[in-house]
């Protein structure tokens, strides 16, 4: 899944776009809106703190880095003679799993405290009354939905697209 960011001019534009995406089969779990407290949004899916943080991408990075580090440490531990202690595949698996767990946990702590880059970049516009919409789309449909919004809503600022992780439940 990929996430597309749209910076919308006001609440009516946000509600209209949400309804259009609902009509195209998107669920509320695939749309997330960030607005100031003064915005009068009704019947739209607001982004929760996890959606506004860097938690998903951080978890992905932490798992990859921790798993790789654990695997390398396990390979080193298995290949070095340890005074009569025989280490095999089980030890390699355990060390890799431990590294993955530590990397994921550390990344979660860091990622939960960091704002999503795109949300942070739009913070001033949000304070000024604009609304940030995040839409999760299949990888092969990113260009289709970006073009659709640009054609039908030229007033909308289509922002960057980043990989979303983890994928929403099916």
So how many residues does the stretch 81-104 have that are at pLDDT below 75 and loosely packed, with under 13 Cβ neighbours inside 10 Å? 8
Considering only residues that are over 15 Å from residue 26 (Cα atoms) and touching a strand residue (DSSP E or B) at 6+ places or on another chain (Cβ under 9 Å), which ones fall in the stretch 124-139? 125, 126, 130, 131, 132
Which condition does residue 78 not pass, out of (1) at pLDDT below 65; (2) in contact with a helix residue (DSSP H, G or I) (Cβ under 9 Å, 6 or more places away or on another chain), if it passes all the others? (1)
Among 7, 55, 59, which is surrounded by 16 or more Cβ atoms within 10 Å (Cβ to Cβ), at pLDDT 70 or above and within 20 Å of the chain's Cα centre (by Cα)? 7
Being surrounded by 17 or more Cβ atoms within 10 Å (Cβ to Cβ), assigned to a loop (DSSP other than H, G, I, E, B) and at pLDDT below 80 narrows it down to one residue among 50, 44; which is it? 44
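The values are calculated or read from the model by the stated rules, or taken from the named source; none is laboratory data. The model shown is predicted, which means the values in this text are computed figures rather than measured ones. Cβ: placed from backbone, ideal geometry, glycine included. Neighbour counts: every protein chain shown.
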